[in-house]
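Below is one structure, written out as C-alpha cells; the observations come after it.
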Amino acid sequence: MVRGASSVLLKPKTTEEVSAILSYCNQHKLAVCPQGGNTGLVGGSVPVFDEVIISMALMNQVESVDSWSGVVVCQSGCVLEALDQHVAEHGLMVPLDLGAKGSCHIGGNVSTNAGGLRLLRYGSLHGSVLGVEAVLASGEVIDCLSTMKKDNTGYDLKHLFIGSEGTLGIVTKLAINCPPRPTAVNLAFLGLQSFDDVLQTFRDAKSKLGEILSSCEFIDRSSLECVEENLKLKSPIEPHPYYMLIETSGSNGDHDEEKLNTFLEYVMTSGQVTDGTVATEPSRIQHIWSLRERIAESLIADGYTYKYDISIPLPHFYKMVEDMREHLGSSIIRCCGYGHIGDGNLHLNITSKEYEKEILSRIEPTIFEWTARVKGSISAEHGLGFKKRNYIHFSKSDGAIGLMKQMKKIMDPNGILNPYKVLPDN
Ligand code: MLT
Ligand code: ZN
C-alpha cells in the first residue's frame, strides 16, 4: 500500500546512539522514520520519501523484572512474543496480545497505543505503561521512566509518547505493569443467528463471567469463510451468520469451568447461541484463536484489502458492515466485519482483486461520515499513520487538532520526526 525510497537505515543499540542520531539529523534537518516491527496497518512506520529509517530492532534487552510488583523495564525493540515468554518465567504476562505478536515490537505497540485481543480485561497501554524514556528531535533524552504505579507529580508526560506514532519523540525504554499469568484458560467458540444475540451474549458474558472474562471477540460469516477458503483452516462448528470467541482466564480451573458452564447453559437454553465448543487444551485454544487472529492475513489472498478500524457504539456495530455491503454491491469480492466487540472496535475490511480508485472513492469518505454521525472514532487502535491522517477531523475537533500542531512545533520544531504522519496536511 505504501512504499518509501530511503537509502539509509540505522540500527542503534543504546539510547545514547538514538540521541546522537537525532541530534545530527536535527542539526542537518534530515527527516527520520522510526521503525519497530513494521506490522502497522496505516503506513506509520514506512518512509514516505527518503527519510533516514531508525530501526529499533537491536534495542531488545529486558532490563529488569520486579516479581513483587510485576513491573518490567525493557528497551523498545523487544518483540512482543519474546517479551511475553521472558516474563512468563517470572509467572507474569504482558497485558497486550495481538496477531502480529511474533514480529511487532513493544516500543511500536506503545508508540501506536496498540489495543489487541485483551484490552477488555487489562485496559489500554495508557494504563499499563507506567513509564517511558524517549528521545526528542533535538537528541535530548526525556526520562519519564517511572516504575511506580502511582506518581502524581505534575503533567504525566509519558502519555505524549503513547500513541503519537513517533511524531513527538522516539520511545527507547518503557516500564510496563505485567499481571500474573493465568493458570486456567478456557476458550469458547460460539455460533449465533442474529446480531442482537451477539450483543445480548456479550452482556451476559460480562455479568455471568465477571472477573474471569479476558476476551470477547466477534467474527462474521464472511470473515470466517475467508480464513477457511484462503488459509484452509477448519471451523470447529457448522456455518453460522455470526461467531463469538469468549475467553476466560483465572487461577482456579474448577471455579472458572463452573462459571463458564453456567454461562454457556444460560445462553444456549435461551436460544441466543445455537452451537458452540469449548477448548481447554493449549493446542485447541491455539487453533481456535488462529481462526480470529489470521483473518487479516487471509484477506490478503483475495488481492487488495481496503482496511478500516473503527470504534462504534454497539447498537450500530454491525449495521455499518451491512450498509457498506449494500452500498458496494457486486463491485467487490467481500465486505466483512470482525473485531474486538468487547471494546466496540470493528475491523471492517473490503477486498477486490486489484486496487481500484473507483471502489476507494465509493468507500471514503462515506465510511468516515457514517462513523462521525454515530460519534465513533475513525481509528480505534491502528492509529492515523500516513493513510488516515487527513481524516482526523472526523474524530477530533479543530481546537484539538490545533493544539496537537502546537505541541508538535514545541517538541519537534524542524519537523524531522516521522513527517507526513498523524497530523493532517492542512
Ligand atoms: C486484528 O485485530 O486482527 C488487527 O487489528 C488487524 C486487523 O485489523 O485486521
Ligand atoms: Zn484489532
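Within the range 115-128, the presence of a residue that is more than 28 Å from residue 209 (Cβ to Cβ) and in a loop (DSSP other than H, G, I, E, B) is excluded.
Restricting the range 60-77 to residues that are within 23 Å of the chain's Cα centre (by Cα) and assigned to a strand (DSSP E or B), the residue that is farthest from residue 127 (Cα to Cα) is 62. Within the range 227-242, how many residues turn out to be touching a Leu at 6+ places or on another chain (Cβ under 6 Å) and assigned to a helix (DSSP H, G or I)? Of the residues in the range 227-242, 1 are touching a Leu at 6+ places or on another chain (Cβ under 6 Å) and assigned to a helix (DSSP H, G or I).
A search for C-beta distances below 6 Å between a residue of the range 337-359 that is more than 17 Å from residue 227 (Cα to Cα) and any residue that is among the hydroxyl-bearing types (Ser, Thr, Tyr) and modelled with pLDDT of 95 or more, counting only pairs 6+ apart in sequence or on different chains, returns 344/311; 345/311; 354/304; 355/304; 359/352.
Could we say that residue 57 is away from ligand 1 (no atom under 16 Å from the Cβ), closer than 22 Å to residue 167 by Cα, modelled with pLDDT of 95 or more and assigned to a loop (DSSP other than H, G, I, E, B) here? It is true that residue 57 is away from ligand 1 (no atom under 16 Å from the Cβ), closer than 22 Å to residue 167 by Cα, modelled with pLDDT of 95 or more and assigned to a loop (DSSP other than H, G, I, E, B). Just to check your reading of the model, which residue among 107, 99, 115 is closer than 19 Å to residue 59 by Cβ and not polar (S, T, N, Q)? Only one candidate passes the filter, namely 107. Scanning the range 273-284 turns up no residue that is in contact (Cβ under 8 Å) with a residue 40 or more places away in the chain, within 16 Å of ligand 1 (Cβ to nearest atom), in a strand (DSSP E or B) and under 19 Å from residue 186 (Cβ atoms). Out of all the residues in the range 89-97, is one or more closer than 19 Å to residue 42 by Cβ, in contact with a Gly (Cβ under 6 Å, 6 or more places away or on another chain) and within 16 Å of ligand 1 (Cβ to nearest atom)? There is at least one residue in the range 89-97 that is closer than 19 Å to residue 42 by Cβ, in contact with a Gly (Cβ under 6 Å, 6 or more places away or on another chain) and within 16 Å of ligand 1 (Cβ to nearest atom).
Any residue at all in the range 99-118 that is within 13 Å of ligand 1 (Cβ to nearest atom) and free of Cβ contacts under 8 Å to residues at least 40 places away in the same chain? The answer is yes; a qualifying residue exists. For the range 119-132, the candidate set comprises residues that are over 14 Å from the mean Cα position of the chain (by Cα) and under 21 Å from residue 421 (Cβ atoms); within that set, the residue that is nearest to ligand 1 (Cβ to nearest atom) is 129. Taking the criterion of being among the small types (Gly, Ala, Ser) and closer than 22 Å to residue 238 by Cβ, the residues of the range 248-282 that qualify are 270, 271, 276, 279. Answer yes if at least one residue in the range 78-87 is surrounded by 19 or more Cβ atoms within 10 Å (Cβ to Cβ) and part of a loop (DSSP other than H, G, I, E, B), and no otherwise. Yes; the residues of the range 78-87 include at least one that is surrounded by 19 or more Cβ atoms within 10 Å (Cβ to Cβ) and part of a loop (DSSP other than H, G, I, E, B). For the condition buried (at least 24 other Cβ atoms within 10 Å of the Cβ), at pLDDT 95 or above and touching a helix residue (DSSP H, G or I) at 6+ places or on another chain (Cβ under 9 Å), residue 72 qualifies.
Across the range 295-321, which residue is surrounded by the fewest Cβ atoms within 10 Å (Cβ to Cβ) among those that are within 12 Å of ligand 1 (Cβ to nearest atom) and small (Gly, Ala, Ser)? It comes out as 296. Within the range 201-255, track down each residue that is of a type in the set (Val, Ile, Thr) and more than 15 Å from residue 267 (Cα to Cα). Within the range 201-255, 212, 219, 227, 237, 248 meet the criteria. Entry remark, the range 119-167: residues being without any contact (Cβ under 8 Å) to a residue 24 or more places away in the chain and in contact with a Phe, Trp or Tyr (Cβ under 9 Å, 6 or more places away or on another chain) number 1 in total.
Residues in the range 292-316 that are more than 14 Å from ligand 2 (Cβ to nearest atom) and under 23 Å from residue 203 (Cα atoms): 313, 314, 315, 316.
Of the listed requirements (1) within 22 Å of residue 122 (Cβ to Cβ); (2) not in a strand (DSSP E or B), residue 245 misses just one: (2). Scanning for something within 16 Å of ligand 1 (Cβ to nearest atom) and either in a loop (DSSP other than H, G, I, E, B) or surrounded by fewer than 15 Cβ atoms within 10 Å (Cβ to Cβ) (or both), does the range 30-37 turn up at least one residue? Scanning the range 30-37 turns up at least one residue that is within 16 Å of ligand 1 (Cβ to nearest atom) and either in a loop (DSSP other than H, G, I, E, B) or surrounded by fewer than 15 Cβ atoms within 10 Å (Cβ to Cβ) (or both).
In the range 370-387, the residue that is nearest to the chain's Cα centre (by Cα) out of those that are in a helix (DSSP H, G or I) and touching a residue at least 40 places away in the same chain (Cβ under 8 Å) is 371. Note on the range 129-226: enclosed strands (runs of 3 or more DSSP E) holding 1 or more residues that are closer than 30 Å to residue 16 by Cβ and modelled with pLDDT of 95 or more are 129-135, 141-144, 170-177.
Do we find that residue 367 is part of a helix (DSSP H, G or I), under 27 Å from residue 218 (Cα atoms), away from ligand 1 (no atom under 16 Å from the Cβ) and among the β-branched types (Val, Ile, Thr) in this structure? Against the criterion (part of a helix (DSSP H, G or I), under 27 Å from residue 218 (Cα atoms), away from ligand 1 (no atom under 16 Å from the Cβ) and among the β-branched types (Val, Ile, Thr)), residue 367 does not qualify.
The values are calculated or read from the model by the stated rules, or taken from the named source; none is laboratory data. Fair warning: this is a prediction, and the values are worked out from it, not measured in the lab. Every residue, glycine as well, gets a Cβ built from its backbone with ideal geometry; the counts of neighbours run over all protein chains shown.
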